[in-house]
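Written out below as structure tokens is the structure these notes cover.
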Amino acid sequence: PGLSPAAVVGAGLGGSAAAYFLQQHFGPQVQLDVYEAAGVGGRLATVTVNKQQYESRGASIHALSLHMQDFVKILGLKHRREVAGKSAIFSGEHFVLEETDWYLLNLFRLWWHYGISFLRLQMWVEEVMEKFMRIYKYQAHGYAFSSLEELLRSLGGEAFVNMTQRSVAESLLEVGVTQRFVDDVIAAVLRSSYGQSVLVPAFAGAMSLAGAQGSTWAVEGGNKLVCSGLLKLTKANVISARVTGISLHSSGGRALYQVHYESTEGQGSAFYDMVVVTTPLHPSRSNFTFENFDPPIADFPGAFQPSVTSVVHGYLNSSYFGFPDPKLFPFTSILTTDTPDLFFHAMDNVCPVNISAAFRRKQPQEAAVWRVLSQQPLDKHQLKTLFRSYYSVQVTEWQTYPRYDAAKALPPIVLHENLFYLSGVEWVASSMEMIAVAAKNVALLAYNRWHQDLEKIDQKDLMHKVKTEL
């Protein structure tokens, strides 16, 4: 029988991509309700400074992000124009690594400082990415996985599963990257992407490092346009309400899910054949209840890392970074090492989400818009350390990323027959593309289970199967 109504909880990237892929597989007749309490786009939000919008988070997309590339094409969106800038890594006292205009000199500098570590890192990241890219082939052939472990195993065997249980530092030291390179360079990249240390799991680390060394892009007008675009395209019915729980009923031997929600009009509920939850099911993040499930749906372990984005319009205090003359300050992006006194993770001179052809970066001595990432909100003294003076500060506090303490079991994807959980993928790695891959997997899994096509779920030796199918 056809799938009638289906619900998606959350309208961030995960929810909008899941709605799009569900419709792609089940067909346009499937009726989709998407519940969202805050705003479409989730963490892909923007803030406004002087009538211009800036990304407050989730800013860059890796060149190899094939699903994101597809979304942009299908929706007729554009890549944002690149505005060049240099980055450097700051230790709290001096710059341990500076980028120059001259690529060869950069390489030479890295080489001089860190020997062969840089090459070893690149080879390690490339090997992980090459295996990860197999997922697109599997998905194109309709294969899905019922757990994150199965998905990882099909891409890189037990080694990939193990990479979610051990730290990136341990994995890199093992392939001959030096401790100094880990402390200076790897730590800085992970602080700027996850706000965490080199103890994050190796797989999440590899994804973040791939983004740091590859070419990246962003969506003209803001990355959140992908979410609103996908929802419009699927003609999903977006219900502005907070889902409080799901209870299980059965009708004619089939599971039926009652979604309970709260909106400005009060409380309500509706029945669905299938539900995909894309908001984090962690006690710290949502007080979500599951009723009448036997066995009961267990609690989800793990915590989230608080992170703060401050978008500051002001004059950089370049002398704090050792440049008494602000005109000479060459960097547009500053990463930091893991130093106890450093109160911020990274800061960059951000460009608006709409970049005209005439746009140019502000000179370092002019007032500019900087985005500062930190774990705690910055106090007056800290703002005065980074800026000589400022016009405005806009602060967004999030619980963005899982707090990656290794050795946790990964959350399940299947919570019940036709009840699926998407956000668990962030415990493997958190990036826009990772969420899109998980959304496609959930839609395929839901479809294959609904049609009892078990040949397409958790198949072993897929590389071989896919080769012979071509």
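Just the protein heavy atoms count here, and of the accessible area of the chain at 1.4 Å, carbon and sulfur take up 53 percent. With K and R counted +1 and D and E -1, the other residues having a Cβ less than 13 Å from that of Tyr136 yield a net charge of +1.
Spin-label model, Ala298/Val395: points 7 Å from Cα along the beta carbon direction are separated by 3.8 nm.
Farthest towards the positive end of the charge dipole of the chain, among the residues Thr289, Gly221, Ser171, is the Cα of Gly221, using unit charges on the Cβ of Lys, Arg, Asp and Glu. The residues packed around Asn237, meaning those with a beta-carbon under 13 Å from its beta-carbon, carry a net charge of 0 if Lys and Arg are +1 and Asp and Glu are -1.
Sorting the segments 92-105, 139-152, 333-346 by their mean number of nearby beta carbons within 10 angstrom, highest to lowest, gives 139-152, 333-346, 92-105. Computed about its Cα centre, the charge dipole of segment 261-354 is approximately 480 debye, with only Lys, Arg, Asp and Glu carrying charge at their Cβ. Hydrophobic, long helices, defined as DSSP H runs whose alpha-carbon span along the helix axis is 15 Å or greater and whose mean Kyte-Doolittle value is at least -0.5, occur in the chain at 13-26, 103-114, 117-132, 202-213, 432-450. Each label point was placed 7 Å from the Cα along the Cα-to-Cβ direction; for Arg254 and Gln452 their separation is 1.4 nm. Within the chain, DSSP assigns beta bridges of which about 70% are antiparallel (rounded to the nearest 5). Of (1) 22.9, 76; (2) 29.4, 100; (3) 26.8, 85, which one was derived for Rg and Dmax of the Cα atoms in Å from the structure shown? Computed from the coordinates, Rg and Dmax of the Cα atoms in Å corresponds to (1). If only the Cβ of Lys and Arg carry +1 and only the Cβ of Asp and Glu carry -1, the dipole of segment 1-150 around its Cα centre is close to 360 debye.
Sorting 16-29, 449-462 by their mean Cβ neighbour count within 10 Å, with the most densely packed peptide first, gives 16-29, 449-462. Ranked by the mean number of other Cβ atoms within 10 Å of their residues, highest first, the peptides 428-439, 216-227 come out as 428-439, 216-227.
Look at the dipole of segment 1-125 built from charges on Cβ: of Gln53, Val34, Met123, the Cα furthest out on the positive end belongs to Gln53.
A Förster distance of 60 Å, applied to the separation of the beta-carbon atoms of Asn354 and Glu158, puts the FRET efficiency at 0.80. From its DSSP helices (H runs of at least four residues, each -39,500 (n - 2.57)), the chain gives a residue-normalised ellipticity at 222 nm of -9000 deg cm²/dmol. Only Lys, Arg, Asp and Glu carry charge here, each on its Cβ (+1 for the first two, -1 for the last two); on that basis segment 157-197 has a dipole of about 120 debye about its Cα centre.
Here's the picture: charge each Lys and Arg Cβ at +1 and each Asp and Glu Cβ at -1 in segment 227-316, and of Ala236, Ser251, Val311 the one pushed furthest to the positive end of that dipole is Val311. The Cβ shell under 15 Å around Ala255 holds other residues with a net charge of -2, Lys and Arg each +1, Asp and Glu each -1. Across the chain, the mean sequence separation of Cα contacts (distance under 8 Å, 6 or more residues apart), normalised by length, yields a relative contact order of 26 percent.
Calculated accessible area for the chain comes out at 44 Å² per residue, all protein chains present (probe 1.4 Å; ligands, DNA, RNA ignored).
In terms of distances greater than 19 angstrom between alpha carbons, the cross-link table entries Lys137/Lys232; Lys86/Lys327; Lys137/Lys467; Lys86/Lys131 yield Lys137/Lys232; Lys86/Lys131.
The values are calculated or read from the model by the stated rules, or taken from the named source; none is laboratory data. Since we're looking at a predicted model, the values are computed, not measured. All Cβ positions, glycine included, derive from the backbone under ideal geometry; neighbour counts span all protein chains shown. Please note that ligands, DNA and RNA were not included when accessible areas were found on the heavy atoms of the full protein model with its side chains. Shrake-Rupley method; radii C 1.70, N 1.55, O 1.52, S 1.80 Å.
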